[in-house]
Every structure is written in C-alpha cells, then in structure tokens.
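Q: Okay, handing you the structure first.
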Amino acid sequence: MRTFLFCLVFGLVLVSCNPIETGSKRFKQPLPDPGNAGLSLPENFGALVVGTDLGRTRHIAIRDNGDIYAMNRRLENGKGVLALKDTTGDGKADIIQTFGDSIRGTGMGIHQDYVYFSSSKAVYRSKLSPDQLIPSGPIETMVTFPDSTTQGHGSKPFTFDSAGNMYVTVGSHSNACQEEMRSEGSPGKDPCPELPVRASIWKFKADQPGQIQEDGSPYAIGIRNAVALDWNTANQTLYAAQHGRDDLHRFWPAYYTREESRDMPAEEFLRVEENDDFGWPYCYYDPFKKERMLAPEYGGQGDRQGRCENVEKPIAVFPAHWGPNDLLFYTGDQFPEKYKNGAFIAFHGSWNRLEFEQAGFLVAFLPMKDGMPSGDWEIFAQGFLGPKAVTSPREAIYRPTGLAQGPDGSLYISDDQRGTIWRIMYYGDEYGNIQSQLAEEVPQVPLAEDSTELVVEEKFLAGQQVYVSYCQGCHMKNGMGVPGLNPPLGGTDWVTGDKTRLIQVILKGMNDPIEINGETYQNVMASHSFLSDQQIADVLTYIRNAFGNEASEISPEEVATERDRKVN
C-alpha cells in the first residue's frame with residue numbers, strides 16, 4: 001500500500017487541536033485548517049483536511065465512534081475499501097487500512113453494525129467489531145446484478161429505510177435509449193427495453209444475503225442515473241438527485257442551440273414514492289418552461305410536452321450538467337437550526353457543456369420542511385474547482401463526490417480527483433474570528449498562466465488572486481456570471497456604484513434576488529467575512545476595474561469601517 005500523504009491543500013501549515021464548545025450540544029472539536037483548506041463556507045463554519053492522496057474516494061460513511069469508511073474507484077494493493085481513524089483528536093486520520101479484495105466502485109453505508117459497500121456488480125457487507133477498525137466478519141454478497149447492468153451508468157449506490165429495506169440505483173446503459181447510441185438524429189427505442197431493469201431504483205431486503213436482482217422489485221422507474229440518494233427519516237421517504245441527459249444540440253442541432261444544450265435539462269431533485277415514473281428516456285425537464293418536455297428522440301422539438309404532460313416532476317431543480325453524486329439529510333445538532341433535516345447535495349461536475357466552462361464542483365444545501373423544499377437552494381461549500389475555470393472536469397483540482405455526517409454533527413465531504421476528505425464544523429458566534437485570523441496565514445494562490453489576460457494593470461494582481469480563489473467559481477472567469485443564478489460583475493452599479501453596499505455584500509452575503517439589466521438572479525451568496533480587510537479591498541478594487549468597469553479603488557480602512565458597522 002502506497003504511502004499516504006497528510007498535508008494541507010496548497011502547502012498550508014497544520015493547526016493543532018483545540019477544544020471548542022459549539023451548538024445546542026457541547027462537543028470538543030479541532031480547529032479548522034488555515035483558510036479552511038481552500039474552501040469557501042458560510043460564516044462561522046470551518047474545514048480541515050482529514051486525509052488526502054487516498055485514491056479515487058467515492059462515497060463515505062462514518063461510524064458512531066468517528067471511524068471513516070470510503071469506497072475507492074481503484075484498488076490499493078488489491079483492495080478497494082478504506083478505513084480511517086483519528087487517534088489524536090486533531091481531526092487528521094493517522095491510521096489508514098484497507099479491505100475488500102478486488103472490490104471497487106461507488107456506494108458506502110453503515111447499517112445495523114455492518115459496513116455495506118458496492119461495486120458495479122454487487123452490494124456487499126461485513127460485520128463491524130466494537131474494538132477494531134477493519135470488519136472482523138466475512139464479506140457477504142447481499143445482491144448480485146447481471147453483467148448487463150455493469151456497463152454505462154454501472155455504479156450501484158444505495159440507501160436504507162427504517163423498515164429493513166435497501167434501495168439500490170441501477171442506472172441506464174444509454175443516454176436516451178436511441179436505436180444507435182449517441183448518434184445524431186437516431187430515434188429512440190419505444191418502448192425502451194432498458195426499463196425497468198435499468199434506469200430505476202430497486203428495493204431489496206437489507207439483511208438477506210444471496211439475493212439477485214429478480215429477488216427485489218423496481219421501486220421507481222424512469223430515473224436515468226441517481227448516484228445521489230438518501231432516505232429521509234423526518235418523513236420516512238426516499239429522495240434522489242439524478243444526472244440529466246446529454247447532447248441535445250450535438251445530436252439534434254435543428255431544435256436546440258449550443259447554449260440551450262449547455263443549460264438543459266435541469267439536474268432534478270426527486271421525492272420518490274413507490275411506483276413513480278419520472279419519464280426517462282421519453283421526457284426531460286426544461287428549467288425555463290418549468291415543465292417536462294418530450295425528448296427529440298420521441299418526436300419532441302423543444303416545444304411540446306406530449307406524453308410527458310402528466311409525468312412526475314422534480315420538487316427542486318439545479319443547473320444542467322452539474323453531476324449530483326451524493327445526497328445527505330442533515331440530522332445533527334452541531335449546525336444552526338436552518339440546516340436541520342435539510343438536504344446537502346455534492347455536485348461532481350460534468351463534461352457535457354460543449355466548449356463552455358464546466359460547472360458544478362460544489363456542495364449545495366436545500367432547506368426542507370414536511371418533506372418538501374422550504375426555500376431556495378444555496379451554495380454551502382465551494383473552492384474545489386481551483387483557481388481557474390475549466391473546460392474539462394479533469395482539469396478541476398477536486399471533484400466533490402461523497403457526503404457523510406459524523407457522530408458530533410460534522411459534515412464530511414470526499415473527492416475522487418485527488419482522494420481528499422474534508423471535515424466541516426460549525427464554531428458559532430463566539431468563535432467567529434477564527435476564519436479571518438487563519439485567512440491571513442494562507443499563502444497566495446498562483447495564478448493560472450492564461451488568467452492574466454483579465455488584468456489591465458499590475459496593481460490589480462493581488463485582487464485577481466483572491467477572485468480566482470473565491471469568486472470565479474460562481475461569477476466565471478469573464479465576470480459574466482450564470483444566467484438566473486449568479487449575477488454578472490461587468491456593467492452594473494452594484495459593482496461600480498456605492499462602495500459601502502458592495503463591501504457589505506462581501507461581509508454579509510446576499511440572500512435576496514436582485515435584478516441587473518432586466519434579469520433576475522437568485523442564488524444565495526455566502527458571507528466572505530473570513531477574508532482579511534486587505535483581501536476584500538484587493539478583490540473589490542479588482543472587479544471595479546475589470547470586465548469593462550472603471551471605478552475608484554477601495555481601501556482596507558474602508559473595509560474595516562464597514563466590518564465594525566456589521567458587528568455593531
């Protein structure tokens with residue numbers, strides 16, 4: 001097994017463990033890493049790197065004693081499951097072991113004292129021992145799937161209900177069930193022979209080894225690929241976030257522009273009841289019309305619903321091609337009350353945005369009440385993408401993939417690009433200054449070679465460095481933002497006008513929709529008060545003089561004045 005490196009992102013210095021009391025219950029927790037290990041989080045949240053260089057870590061699970069289990073997409077010395085333990089209390093894993101001979105894939109969970117994990121072929125489990133990191137029992141095969149289900153969207157993620165059942169995603173083999181797969185103008189097979197064996201979520205007994213697919217039953221169908229799924233104990237219901245279809249323009253250029261293909265279809269958040277049909281491959285969800293539309297393979301031209309008119313709709317939607325890869329309903333007591341029973345979704349980033357910049361690479365939060373969204377979704381964690389925009393997901397530094405909740409209510413995020421696991425903690429108002437103190441210790445992030453084209457004067461370089469680290473993921477390299485979500489920074493008096501208003505947006509964040517040049521933008525912007533006065537002054541001066549803007553500079557003293565006003 002190769003040597004695992006436990007260093008911080010961008011060469012940061014480790015911070016020693018320090019007990020902090022927070023939340024409605026009192027927990028001892030370590031300090032975050034300087035600059036939250038490169039992540040941008042809501043105010044009073046901090047992050048540390050638990051471990052890195054772990055392989056292609058996909059889904060993760062946390063035991064009641066804090067031990068971490070991670071499913072890997074590639075083998076380490078012939079084994080695919082990682083087990084990590086922190087024995088010192090500093091939040092860093094200092095023991096790493098592996099098990100699961102020749103098993104690799106996506107899917108990890110802990111249920112009834114067993115650790116469950118899955119490959120594209122099967123779901124397995126092994127008995128956990130109270131005093132051992134590695135399971136002591138033999139590996140049992142719970143469900144075996146046909147070889148025909150391992151190609152295409154072959155991952156088998158799963159979740160459990162409260163009545164002894166296990167739900168497993170069996171993703172589609174194809175993009176849209178075309179007669180000739182991924183071919184321009186090829187019609188769809190009707191009926192699609194993949195259903196219900198594939199493009200469905202199947203229900204099995206959670207405690208019965210030796211099952212095959214036919215021993216279970218299709219719980220819901222017409223779901224192209226729901227890598228992200230979780231059982232919501234608050235209302236005893238299954239939920240999923242699915243990867244939408246691709247290639248509307250590439251294969252149907254007469255009906256869809258390149259921009260429409262970039263922005264459609266939406267990634268869907270689904271409330272899944274037994275016998276639901278969500279319409280794949282015949283339908284897709286148009287986020288602009290807010291309707292299910294008939295797919296072009298089945299006679300649609302982007303303008304008609306047809307047979308899709310009465311098909312189940314999502315309860316929330318996210319931008320196209322973001323790649324939702326895990327879903328977690330938060331039940332802990334550490335985070336503020338707004339997060340209780342809400343949904344966290346990890347977006348892995350996708351490839352199907354043609355020549356446009358790729359998007360996603362973040363963790364979003366959706367508040368929930370009585371089983372339905374109770375507000376708009378917001379970005380909870382970002383900074384995974386790195387300091388420059390990408391046109392291929394392979395260029396991203398990290399790709400969020402798995403989510404898990406620790407016994408103290410911490411949120412864990414895994415990445416399958418570099419094999420990094422983060423732990424996110426809430427420190428409360430009494431510890432609010434820690435982020436600004438640590439931000440000053442973060443070294444400057446090197447600029448991408450091609451990003452200097454956006455800077456007209458050398459004096460704006462410091463601000464540009466802050467921009468690519470903390471702002472570019474939402475507002476884009478060219479400052480044009482994302483339609484309907486993140487506003488443009490060029491040609492608006494929100495940027496070039498009132499300095500105090502602009503500074504307060506950085507310090508406080510923004511929750512309300514705003515209108516710029518006739519278009520409404522409604523994505524939540526988190527507070528960036530963890531940045532130092534100098535960093536905020538630099539980045540605001542930069543955006544006031546980039547993207548076609550010309551405005552006066554902002555000084556650190558002006559930021560300090562507004563920061564005092566915010567506190568008081």
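The values are calculated or read from the model by the stated rules, or taken from the named source; none is laboratory data. Remember, it's a predicted structure, so these values are computed and weren't measured experimentally. No Cβ is skipped: glycine too gets one built from the backbone with ideal geometry, and neighbour counts run over all protein chains shown. Heavy atoms of the whole protein, side chains included, go into the accessibility calculation; ligands, DNA and RNA do not. Shrake-Rupley method; radii C 1.70, N 1.55, O 1.52, S 1.80 Å.
Q: If I go through the range 280-295 residue by residue, how many of them are crowded, with 23+ Cβ neighbours inside 10 Å and not in a strand (DSSP E or B)?
A: 4
Q: Provide a single number: the residues in the range 248-279 that are touching a Gly at 6+ places or on another chain (Cβ under 6 Å) and either open to solvent by 10 Å² or more (accessible area, probe 1.4 Å) or in a helix (DSSP H, G or I) (or both).
A: So the count comes out to 2.
Yes/no matrix, rows are residues, columns are (1) under 17 Å from residue 229 (Cβ atoms); (2) over 14 Å from the mean Cα position of the chain (by Cα):
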residue: 315; (1), (2): yes, yes
residue: 328; (1), (2): yes, no
residue: 343; (1), (2): yes, no
residue: 356; (1), (2): no, yes
residue: 376; (1), (2): no, yes
residue: 379; (1), (2): no, no
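Q: Continuing with the same structure: Inspect the range 396-403 for any residue being among the polar types (S, T, N, Q), touching a residue at least 40 places away in the same chain (Cβ under 8 Å) and surrounded by fewer than 23 Cβ atoms within 10 Å (Cβ to Cβ) and give the result as yes or no.
A: no
Q: Now for a separate question. Residues of the range 475-489 being buried (at least 19 other Cβ atoms within 10 Å of the Cβ) and either at pLDDT 85 or above or in contact with a Gly (Cβ under 8 Å, 6 or more places away or on another chain) (or both), which ones?
A: Matches in the range 475-489: 475, 479, 487, 488, 489.
Q: What strands (runs of 3 or more DSSP E), lying completely within the range 183-240, carry at least 1 residues that are among the polar types (S, T, N, Q) and either farther than 28 Å from residue 126 by Cα or open to solvent by less than 10 Å² (accessible area, probe 1.4 Å) (or both)?
A: By residue number, 200-205, 228-232.
Q: For the range 130-182, give me each residue that is touching a helix residue (DSSP H, G or I) at 6+ places or on another chain (Cβ under 6 Å) and in a strand (DSSP E or B).
A: 170, 178
Q: If you check 428, 386, which single one turns out to be in contact with a Gly (Cβ under 8 Å, 6 or more places away or on another chain) and over 23 Å from residue 269 (Cβ atoms)?
A: Testing whether each residue is in contact with a Gly (Cβ under 8 Å, 6 or more places away or on another chain) and over 23 Å from residue 269 (Cβ atoms) leaves just 428.
Q: While we're looking at this one, here's another question. Among the residues of the range 96-109, which ones are part of a strand (DSSP E or B) and either of a type in the set (Gly, Ala, Ser) or open to solvent by less than 60 Å² (accessible area, probe 1.4 Å) (or both)?
A: Listed by number, the residues that qualify are 96, 98, 99, 100, 108, 109.
Q: Could you grab the pairs with beta carbons closer than 7 Å, sequence gap of 6+ or different chains, first residue in the range 517-533 and open to solvent by 60 Å² or more (accessible area, probe 1.4 Å), second one at pLDDT 75 or above and acidic (Asp, Glu)?
A: Within 7 Å, the pairs are 522/376.
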